[in-house]
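The values are calculated or read from the model by the stated rules, or taken from the named source; none is laboratory data. Not measured: the values here are computed from a predicted model. Every residue, glycine among them, receives a Cβ derived from its backbone with ideal geometry; neighbour counts consider all protein chains shown. Please note that ligands, DNA and RNA were not included when accessible areas were found on the heavy atoms of the full protein model with its side chains. Shrake-Rupley method; radii C 1.70, N 1.55, O 1.52, S 1.80 Å.
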Amino acid sequence: MAKKLFIKTHGCQMNEYDSDRMQDLLNESHGFETTLNEEEADLILLNTCSIREKAQEKVFHQLGRWKKLKEKNPNLKIGVGGCVASQEGENIIKRAPQVDMVFGPQTIHRVSNLYEKSVENTINTVDISFPKTEKFEHFPDQKNEGPTAFVSIMEGCNKYCSFCVVPHTRGHEISRPIDDILREISVLAKKGTKEINLLGQNVNSYRDSKLKTKGLGLSNLIRAAAEIEGIERIQFTTSHPFEFGQDLIDIYEEVPQLISYVHLPVQSGSNNILKQMRRRHTRDEYFEIIDKLKSVREGISISSDFIVGFPGETDKDFQDTLDLVDRVGYDESFSFIYSPRPNTTAKDLEDNVPTEEKKERLSVLQHKLENSAISISRKMVGKTSKCLVTGVSKKNPGEFQARAENNKVVIFPCSDPSIIGNIIDIEIVNAQNKSLKGIAV
Ligand code: SAH
Ligand code: F3S
């Protein structure tokens, strides 16, 4: 009988991508089949996130619950990967001896070997090294057969924003060679993938070292990906305002496959806080990018991440953030209360905004962001959008889910599963809180 693998993934899309690759790898190396029931697993993997303290706390709670499973089934192996693993290393095994293997974001490709070692000699192993792009050379072709797929193009981050743990847990920026990426996209396209999402912590610092693309790395890659037959939609996550050059604006004019959506995190609308955060740009420079994007692509949706309660954030700073939200008019965005992280420079700043104030600011901001997103939805009612049908609706099997040109989720009645993966015209008839209702035309 095939061995069973249970994977739980915390955190970002990068982690989701990594988890999928580990599933593919373990399937190929040991015939593992993925299960959604942890009770029947032979191997449990937890892919962790350490971006905020809360995310990190979840890890040890989760491991505590799995300890009981191991008491019932002593052959069960448990592995912990991702950013908490990278940050804590051996400490994980000290605190949770039920863990058999610990590996970082750059060593996920060694998971099959680590598993073998743990079965053969039941010793705990820790491998959280940073072996450049080695991991990509070890993955089998993506098993993904859905209409949309992530393609990782770079890893790590050199920006060292003062609040952020990512450069410490995922290491320095490393780009994959462009040929490898294009090959992966071609393989996906042949299997029927219509949309790719180019993935990295900081995709606009993508550089193919061999091509010496002189800073035009991401736009060149987008241009090349758009030439691949079958690729009808392209998006990228996450970009940074500091390196959003003119070439990336122009590419929205040049490449129609780029969807009218960009996630461009700003974090704060206050110049003072942006400086403290070491974001390397001002609010006016951010507005400039947004204005240019809106002028080359009508109806483009912009989303962002925000942090409230950063050390020293005054009420005026916070008002600047609210004002920025009004001026940009964001689509669905993410906002968080500042959380001091190990090894970051902000950790040494006095965390001086009172908790109640942070919560209040978060709630005010989230309310504003929700209204902003809803008003974008309302403006779409009565219009027709070219939508990629992504699957059956989770709530109602008589309905299907699609993504509009601006990436908004559209639900529409349909009973023909062969429509999945097609790009069809849908008229938007109703705007509800999170989603839009439409009718295929
Ligand atoms: N590479 C992305 C960010 C990755 S982290 C970028 O360039 O913006 C995802 C989001 O988590 C960040 O955009 C930020 O809003 C939030 N975040 C990161 N560190 C945080 C911290 N210490 N406290 C609260 N939120 C944080
Ligand atoms: Fe983090 Fe800033 Fe890089 S938010 S991932 S250090 S761009």
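Can you find, within the range 14-34, the residue that is farthest from residue 106 (Cα to Cα) among those that are within 23 Å of the chain's Cα centre (by Cα) and without any contact (Cβ under 8 Å) to a residue 60 or more places away in the chain?
34
Given (1) away from ligand 1 (no atom under 15 Å from the Cβ); (2) surrounded by 15 or more Cβ atoms within 10 Å (Cβ to Cβ), where does residue 356 come up short, assuming only one miss?
(2)
Among the residues of the range 102-136, count how many are under 22 Å from residue 9 (Cα atoms), among the polar types (S, T, N, Q) and part of a helix (DSSP H, G or I).
The qualifying residues number 4.
Considering only residues that are touching a His at 6+ places or on another chain (Cβ under 6 Å) and assigned to a helix (DSSP H, G or I), which ones fall in the range 137-162?
138 - this is the single residue of the range 137-162 that is touching a His at 6+ places or on another chain (Cβ under 6 Å) and assigned to a helix (DSSP H, G or I).
Across the range 160-180, what is the total count of residues that are more than 14 Å from ligand 1 (Cβ to nearest atom) and either modelled with pLDDT of 95 or more or more than 20 Å from the chain's Cα centre (by Cα) (or both)?
Step one: list which residues in the range 160-180 are more than 14 Å from ligand 1 (Cβ to nearest atom), which gives 174-180.
Those left that are additionally either modelled with pLDDT of 95 or more or more than 20 Å from the chain's Cα centre (by Cα) (or both): 177-180.
Selection size over the range 160-180: 4.
Any residue that is touching a Pro at 6+ places or on another chain (Cβ under 8 Å), modelled with pLDDT of 95 or more and surrounded by 19 or more Cβ atoms within 10 Å (Cβ to Cβ) - is there at least one of those in the range 244-260?
Taking every residue of the range 244-260 in turn, none turns out to be touching a Pro at 6+ places or on another chain (Cβ under 8 Å), modelled with pLDDT of 95 or more and surrounded by 19 or more Cβ atoms within 10 Å (Cβ to Cβ).
Answer with yes or no whether residue 19 is of a type in the set (Gly, Ala, Ser) and either touching a Leu at 6+ places or on another chain (Cβ under 7 Å) or more than 16 Å from ligand 1 (Cβ to nearest atom) (or both).
So residue 19 passes the test.
Confirm whether residue 183 is more than 11 Å from ligand 1 (Cβ to nearest atom), within 18 Å of the chain's Cα centre (by Cα) and on the phi < 0 side of the Ramachandran plot.
Considered against the rule, which asks whether it is more than 11 Å from ligand 1 (Cβ to nearest atom), within 18 Å of the chain's Cα centre (by Cα) and on the phi < 0 side of the Ramachandran plot, residue 183 comes out as no.
Do any helices (runs of 4 or more DSSP H) lying entirely in the range 198-306 carry at least 1 residues that are closer than 24 Å to residue 423 by Cα, and which ones are they?
Fully inside the range 198-306 and qualifying: 217-226, 246-254, 283-296.
Pairs needed: first member in the range 149-161, under 23 Å from residue 346 (Cα atoms); second member anywhere, within 10 Å of ligand 1 (Cβ to nearest atom) and open to solvent by 20 Å² or more (accessible area, probe 1.4 Å); C-beta distance under 6 Å; at least 6 residues apart or different chains.
That search, which allows pairs on different chains as well, returns 157/201.
In the range 352-374, how many are over 25 Å from residue 302 (Cβ atoms), modelled with pLDDT of 95 or more and among the polar types (S, T, N, Q)?
1
Is it fair to say residue 193 is more than 16 Å from ligand 1 (Cβ to nearest atom) and surrounded by 22 or more Cβ atoms within 10 Å (Cβ to Cβ)?
On the way: more than 16 Å from ligand 1 (Cβ to nearest atom): yes; surrounded by 22 or more Cβ atoms within 10 Å (Cβ to Cβ): yes.
So residue 193 passes the test.
Restricting to the range 241-291, name every residue that is among the hydrophobic types (A, V, I, L, M, F, W, C) and either within 12 Å of ligand 1 (Cβ to nearest atom) or closer than 17 Å to residue 324 by Cα (or both).
Applying the first criterion (among the hydrophobic types (A, V, I, L, M, F, W, C)) to the range 241-291 yields 242, 244, 248-249, 251, 255, 258-259, 262, 264, 266, 273-274, 277, 287, 289-290.
Across the range 241-291, the qualifying residues are 242, 244, 262, 264, 266, 273, 274, 277, 287, 289, 290.
Condition check: part of a strand (DSSP E or B), within 16 Å of ligand 2 (Cβ to nearest atom), among the polar types (S, T, N, Q) and at pLDDT 95 or above. Does residue 335 satisfy that?
Here the answer is yes, as residue 335 does meet what is asked.
Counting only residues that are open to solvent by 70 Å² or more (accessible area, probe 1.4 Å) and free of Cβ contacts under 8 Å to residues at least 40 places away in the same chain, which one in the range 276-325 is nearest to residue 259 (Cα to Cα)?
Selected residue: 298.
Only one residue in 339, 335 is more than 24 Å from residue 285 (Cα to Cα) and among the small types (Gly, Ala, Ser). Which one?
339
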